[in-house]
Amino acid sequence: MKFFFQRKPVEATPGDTIASALYRDGRRIFSRSFKYHRPRGLLCVSGNCPNCMMNVDGVPNVRTCVTPVREGMSVKSQNAFPSLETDFLSATQCFDRLMPVGWYYKTFTHPAMWHAAEPIIRKAAGLGEILPTRPAEYEHEWIHTDAAIIGGGWAGIHAALTMAEHGDAIVLVDDQTALGGQLRYGKSTDAVPADAIAKLQGAANVRILQDSSCFGMYEGNLLGILQRNPHSDANERLVHLRAKRVVVATGTFETPILFPNNDLPGVMLSTGVRRLLHLHGIVPGRRAVVLGGGAVAEEIASELRAAGVEIAAVVEPREVVSARGSAQVKGIQTSNGNFTCDLIVICGPHVPNAGLVAQAGGKLEWNNDRGAFLPADLPPNVSVAGDAAGEMLPNALPPLSTHKRAFVCLCSDVSCKDLCDGIAEGFDQIETLKRYTTATMGPCQGRMCQLSAIGICAHDTGRTVAETGVTTSRPPNPSVTLGALAGPSHHPTRFTPMHSSHQRMGAVWMDMGGWKRSRYYKRHEAATESESVLLEHKSVRETVGIIDVSTLGKLDVRGRDASRLLDLVYTHRFSELRVNQVRYALMCDSGGIILDDGTISRLAEDRYFVTTTSGNLDFVHQWLQWQLVGKQWDVHICNVTAGYGAMNLAGPKSRDVLAQLADCDLSSTAFPYMACREAKISECHALLLRIGFVGETGWEIHCPAESAEGVWQRLLDAGKKFGIEAFGVEAQRLLRLEKRHVIVGVDTDALTNPYEAGLGWAVKLDKEDFVGKSLLAHAAKNQTREKLVGFILKEAGLPKDGAAIVMNGQPVGRVTSSRFSPIQNGAIGLAFVRASEAREGTSIQVRVDGKLTPATVTMRPFYDPEGLRLRQ
Amino acid sequence: MSFLLPCPHCGPRSVYEFRFGGEVTQQPPIDAPETAWIDYRFNRANIAGVQKEWWFHRSGCGQWIQAVRNTISNEVLESFLPEETGR
């Protein structure tokens with residue numbers, strides 16, 4: 001197998017991780033550190049430390065020591081220029097006096113200084129870069145199971161076997177590429193329980209997620225799992241695993257010990273050395289010094305000897321003075337003499353990997369005998385098995401240091417001295433020390449440094465470790481790519497039945513409540529959007545236009561108590577509405593605040609057709625349902641929004657167009673304004689509402705979605721000789737504004753009542769009861785705070801939504817909508833002003849492009865104020 | 001928030017399937033003074049502990065239900081179809 005590192009080919013053998021192949025290839029420096037750009041090499045070889053992070057196929061901060069090699073993958077180094085071997089920014093070490101702990105809090109005391117320095121610091125420090133492209137594919141999966149076992153070592157395997165025998169459905173999550181945990185890289189691979197693994201793999205009720213990290217445990221036993229390489233088409237899969245019981249069998253991880261230059265490449269944890277030796281067949285050095293005592297140290301020494309490594313010495317940690325070397329370890333100074341070596345093996349303290357327990361609500365308590373924080377007070381349904389419980393730990397706490405090159409936190413270059421300085425500056429609680437120094441807050445989330453940081457904090461403040469306490473492990477840990485969290489992009493978009501027709505006519509789309517709507521149509525004769533809109537506007541005012549309004553929410557409300565329900569939730573009286581009549585419908589909440597508006601048509605004694613604004617349908621439907629809860633009323637509400645296409649045919653010639661196709665009398669005597677009829681248009685069933693949102697003679701036509709495009713097309717054909725134009729939302733907004741028709745949510749907000757919006761006529765306070773009656777009656781009796789008025793700008797310009805209204809130098813209101821109106825040949829709009837200024841002819845000023853521009857208030861529609869045209 | 005909410009119709013479901021409808025309150029009588037209606041509309045008990053709540057099962061049965069939940073632990077003690085008319 002072959003892959004590319006910095007564009008140069010590297011050979012790999014099957015089973016290799018990126019890091020193991022690079023190590024075999026002779027590479028010793030794998031990254032440059034966060035702050036000082038010090039060379040860093042493999043340390044844990046287990047995915048726990050930040051030292052081997054690289055950019056793999058465009059994804060930054062990949063832990064290469066646990067990422068299997070794929071043929072042809074492209075691997076690049078991070079945070080090093082020009083190369084890992086020679087990094088100019090390593091010169092920052094010489095200026096470390098200028099950059100003490102918390103130096104940017106102390107240095108950049110003025111915002112301007114920080115703004116100037118930030119881009120430079122961002123570039124110099126830190127981790128990988130995010131490419132703007134989407135380099136990988138991600139997917140999500142949801143699993144519900146009886147039990148989840150986190151960790152595929154011996155404890156996890158035994159727990160899975162025991163539970164599987166009871167017939168429980170089990171998901172076993174293991175972050176390695178094969179089950180066995182530490183047994184896989186022990187002295188003898190015979191220790192791996194092959195029979196048990198085969199039994200698990202063959203069990204129908206056991207699912208094994210290999211190469212998968214559990215990064216967090218959330219409420220309701222929800223586990224977040226990141227599965228790498230789930231199949232050839234996806235790089236990562238986020239598994240939402242819901243388990244009735246969770247067994248944490250995550251084992252331990254080994255942590256470094258503190259001495260000057262403990263971060264040099266060639267200083268490696270014993271577990272990392274074992275993994276290189278036994279998993280990858282790599283002899284990690286020629287001459288090694290083992291730091292540790294007793295049987296543990298002897299064991300790793302003998303394994304190294306067996307692999308042909310010369311052991312220069314086995315040294316007790318307290319005897320270490322300093323490691324020597326610049327790009328790599330060259331030797332070690334101890335109180336018993338100096339040794340030359342190219343490998344220092346640390347037998348460090350083992351820390352139970354019990355972060356999940358804390359996230360699940362359990363506690364971590366210091367156990368002095370074990371030298372570790374052990375899980376305690378486990379929540380129900382969560383248990384800990386194996387080394388994670390810490391029962392077998394033999395930890396003796398390692399010696400501490402105060403040296404400025406003895407690194408505690410490898411992620412952000414925090415040294416022992418930095419922690420001591422932070423404590424001296426008053427950050428002597430572990431949680432504040434953590435935040436001040438950023439120790440334990442890097443990509444390794446404290447795996448490597450938590451115990452050391454607590455040790456130093458305890459020692460320096462004269463407290464015990466138990467008193468010092470432990471920092472909180474929060475998810476996600478290990479880190480999760482944002483792409484995996486976001487998952488595949490599914491943005492469902494709704495098309496109206498006439499969508500392809502709009503497409504053909506050159507529609508320019510806008511998004512509205514999940515729907516695609518035509519904002520306007522591109523035409524040969526109109527160069528710009530505003531020209532197109534004016535052309536569409538002109539056709540409606542002078543001849544005829546047609547707009548797709550299928551996105552209106554549509555509810556079919558039936559039953560003996562249908563009118564009772566509508567009387568309750570709408571402010572008008574619908575029980576008195578005659579069959580075949582339409583009425584404007586306004587809905588308020590119990591505070592009298594406008595929720596929605598639309599029309600209600602009475603199709604029969606017990607049947608109403610209700611329309612809502614496009615974006616509010618779900619809310620209105622749920623509101624009606626909520627009002628009905630517990631009432632034994634005979635009423636059924638059916639959402640028929642998608643079942644009907646709808647269009648509004650409007651303009652002086654609309655009757656001539658519709659008459660060619662409709663089988664009913666369209667004259668104003670037979671079909672007056674605010675009437676509705678069920679009729680046929682070109683043999684298609686349709687519901688015609690004679691209403692006039694845009695202020696002209698017109699019909700809103702609802703027909704079954706499957707015939708809507710045909711009806712739309714025939715109306716366009718029939719209108720050709722009159723010069724019909726399809727119009728979009730922008731022209732409709734202008735047309736309705738000229739009529740001073742309010743759009744709920746645009747011209748009203750979360751505090752607007754009908755009296756303020758000029759809709760008081762739609763509120764029938766003499767009804768016995770309806771939602772909002774009490775506070776609407778109160779509002780009707782009292783002067784409103786502000787009122788929605790029209791205004792005409794006296795000079796050129798177009799105010800933006802929200803622009804200030806000013807009188808005598810005082811702000812008195814704000815613009816809610818404004819457009820250029822060809823009828824007025826200038827900007828018109830709606831605005832909220834103080835109620836005292838809401839009088840016809842009041843002179844106000846509107847802020848337009850930073851300039852106060854004179855305008856006049858009007859309380860009447862800008863166009864056809866008597867409403868004669870829509871009744872014609 | 002990632003707890004399971006048992007829907008009386010659909011069984012235990014992720015809370016993300018639901019729309020939260022607020023605490024169950026008692027609507028004042030129609031002739032109650034304005035202050036009572038203002039209190040009903042704008043003020044909440046905001047209990048740190050067990051309270052009765054409205055939930056709408058948006059991605060399920062599409063029905064309003066009520067649940068008794070501990071707002072501190074998010075433990076749902078029971079859930080049922082609403083019987084009373086108070087809202």
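The values are calculated or read from the model by the stated rules, or taken from the named source; none is laboratory data. Quantities reported herein were computed from a predicted structural model and do not represent experimental measurements. Note that each Cβ is placed from the backbone with ideal geometry, even for glycine, and that neighbours are counted across all protein chains shown. Ligands, DNA and RNA are excluded from the accessible area calculation, which covers all protein heavy atoms including side chains. Shrake-Rupley method; radii C 1.70, N 1.55, O 1.52, S 1.80 Å.
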Under the 7 Å Cα-to-Cβ spin-label approximation, residue A:240 and residue A:110 lie apart by a distance in nanometres of 5.0
Ranking A:515, A:484, A:501 by how far each Cα lies towards the positive end of the charge dipole of region A:449-518 (+1 on Lys and Arg Cβ, -1 on Asp and Glu Cβ), the top one is A:501
Answer in debye to the nearest 20: the dipole magnitude of chain A about its Cα centre, from +1 Lys/Arg and -1 Asp/Glu charges placed on Cβ, is 1760
Taking a straight Cα-to-Cα line shorter than 27 Å from residue B:52, and setting aside same-chain lysines fewer than 8 residues away, one finds A:244, A:631, A:773
Counting only protein heavy atoms and leaving out ligands, DNA and RNA, the solvent-accessible surface of residue A:638 at a 1.4 Å probe, in Å² to the nearest 10, equals 70
For chain A, averaging the sequence separation of alpha carbon pairs under 8 Å that lie six or more residues apart and dividing by its residue count, the contact order in percent is 8
For region A:112-192, the charge dipole (Cβ of Lys, Arg +1; Cβ of Asp, Glu -1; about the Cα centre) points to a positive end, and the Cα of A:185, A:121, A:151 closest to that extreme belongs to A:121
Expected output for region A:774-788, residues with a loss of 10 Å² or more in accessible area relative to the chain alone at probe 1.4 Å, reads A:774, A:775, A:778, A:781
Extension length gain for residue A:83 and residue A:767 (0.36 nm per residue less Cα distance), in nm, is 238.2 nm
In region A:207-244, accessible area falls by at least 30 Å² from chain alone to full assembly (1.4 Å probe) for A:219, A:242
So residue A:505 and residue A:529, fully extended at 0.36 nm per residue minus their Cα-Cα distance, gain in nm 7.2 nm
Taking a crude spin-label model, label points 7 Å out from Cα along the C-beta direction, the residue A:203 to residue A:806 distance in nm is 7.6
Helix A:617-628: inclination vs chain A longest Cα principal axis, degrees, rounded to 10, gives 80
The answer for the protein assembly as shown, accessible area per residue at 1.4 Å probe in Å², is 43
Once the in-chain neighbours fewer than 8 apart are removed, the aspartates and glutamates whose Cα is under 16 Å from residue A:106 read A:96, A:118, A:418, A:421, A:425
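Tell me which GluC sites (Glu not before Pro) from region A:499-566 have a DSSP coil assignment and no more than 16 other beta carbons within 10 Å of their own. Numbers along the way, then the final one.
Working: sites: A:525, A:529, A:531, A:536, A:542; in loops: A:525.
Passing both the DSSP loop test and the Cβ count: A:525.
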In the protein assembly as shown the accessible area split gives carbon plus sulfur, as whole percent at 1.4 Å, a share of 52
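Restricting attention to region A:799-872, which trypsin sites (Lys or Arg not before Pro) occupy a DSSP loop and are surrounded by at most 15 other Cβ atoms within 10 Å? Intermediate results must be reported in sequence, preceding the final value.
Numbers: sites: A:800, A:814, A:819, A:834, A:839, A:847, A:851, A:869, A:871; in loops: A:800, A:839.
Listed in order of number, the matching sites are A:800, A:839.
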Buried accessible area between B and A, both sides, 1.4 Å probe, in Å² rounded to 100, is 2100
In this structure, among A:2/A:76; A:8/A:35; A:538/A:653; A:794/A:851; A:516/A:720; A:538/A:739, pairs with alpha-carbon gaps over 18 Å are A:8/A:35; A:516/A:720
Between residue A:194 and residue B:9, Cβ-based FRET efficiency (R0 51 Å, step 0.05) works out to 0.60
In this structure, the FRET efficiency calculated for residue A:713 and residue A:866 from their beta-carbon separation, with R0 = 51 Å, to the nearest 0.05, is 0.90
To the nearest 0.05, the calculated FRET efficiency linking residue A:823 and residue A:474 through their beta-carbon distance, R0 being 51 Å, is 0.25
Counting only backbone N atoms under 20 Å from a point 7 Å out along Cα-to-Cβ of residue A:306, the residues of region A:164-183 in range are A:180-183
Comparing each residue of region A:592-630 in the complete protein assembly with the chain by itself (heavy atoms, probe 1.4 Å, ligands and nucleic acids ignored), those losing at least 20 Å² of accessible area are A:593, A:619, A:622, A:625, A:626, A:629, A:630
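Can you tell me, using C-alpha contacts under 8 Å and at least 6 residues apart, the relative contact order of region A:390-498 as a whole percent?
On the way: 119 pairs, mean separation 22.6, N = 109.
So the answer I get is 21 percent.
Please identify the trypsin sites (Lys or Arg not before Pro) of region A:265-322 that satisfy two criteria: DSSP loop assignment and at most 15 other Cβ atoms within 10 Å. Which are they?
On the way: sites: A:274, A:275, A:286, A:287, A:305, A:318; in loops: A:286.
Those that pass, being in a loop and sparsely packed, are A:286.
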Relative to chain A, whose Cα atoms define the longest principal axis, helix A:111-124 and its Cα axis are tilted in degrees, nearest 10, by 60
Of the residues A:26, A:105, A:562, the Cα lying farthest along the dipole of the protein assembly as shown towards its positive end, which is defined by charges on the beta carbon of Lys, Arg, Asp and Glu, belongs to A:105
Measuring from the longest principal axis of the C-alpha atoms of chain A, the long axis of helix A:294-306 (C-alpha) lies at a number of degrees, nearest 10, equal to 90
Between residue A:425 and residue A:859, the two model label points (7 Å from Cα along the beta-carbon direction) sit apart by a distance in nm of 6.5
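Once you have a ≥ b ≥ c as the square roots of the Cα gyration tensor eigenvalues for region A:125-264, tell me rounded if a/c is under 1.5, and otherwise prolate or oblate according to whether a/b is larger than b/c.
Oblate shape, in that a/c is at least 1.5 and b/c is the bigger or equal ratio.
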Check: C-alpha center region A:76-107 vs C-alpha center region A:178-208, spacing in Å is 44
